[in-house]
Amino acid sequence: MTDFDAEQFEAELRTLKGARPPQATLDRILTELGTQSKRKRAPAEPAQVCLWRSVLRWVVPAACAVVVALWYAGHENSAKPKPGIQPIVSAGRPLLRADKVEIDRQLVADFDAVARLPGGEPVRFRCQQWMDKVWLRDTAAGLVIERTTPRLEIVPVRFETY
């Protein structure tokens, strides 16, 4: 196709008008728009609330990991002493002083899956496999606790139909 043919073709395309969509499609779109406007939308959150939520999102799991590690360390030490070994009597100081705590999460896999609801409607799911790791270090005692936990996040995503 030469430049002249392309220009002539584009000029013809500009003069054409699109076909009107079927009335059933227009009715479905209008009813969908009407139901969306009737739905109440949640008010937007202030920036401070969003900031606190993002901070708490990391602080709460870290605090839980520390509590579990302290409990686990105390539970291991409170087990029955082995014969011939004298139990150590605590002088009121904690058994574990975590002076370095690291939290890591690593994306292992990211994929989409499709399923059908009982009514026959297809639903797409976004799936992410994560590996969460927590390290607690007590350099004075030379103790390192590492906890690895797999996690799977599944989020339904609606199909966009036109």
* Within the set of pairs 6+ apart or on separate chains, which have a first residue in region 95-123 that is among the polar types (S, T, N, Q), a second that is assigned to a strand (DSSP E or B), and C-beta atoms under 9 Å apart? -> Gln106/Trp130; Gln106/Met131; Gln106/Asp132; Gln106/Lys133
* Is at least one residue of region 24-44 within 27 Å of Arg124 (Cα to Cα), acidic (Asp, Glu) and at pLDDT 80 or above? -> yes
* **Extreme residue, farthest from Ala73 (Cα to Cα), among residues of region 125-162 that are among the basic types (Lys, Arg) and at pLDDT 85 or above** => Arg126
* Residues of region 133-153 classified as free of Cβ contacts under 8 Å to residues at least 60 places away in the same chain and either surrounded by 10 or more Cβ atoms within 10 Å (Cβ to Cβ) or more than 30 Å from Val59 (Cβ to Cβ) (or both), total -> 13
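The values are calculated or read from the model by the stated rules, or taken from the named source; none is laboratory data. Please read all numbers here as calculations on a predicted model, not as lab measurements. Please note: Cβ atoms are built from the backbone with ideal geometry, for glycine as well, and neighbour counts cover all protein chains shown.
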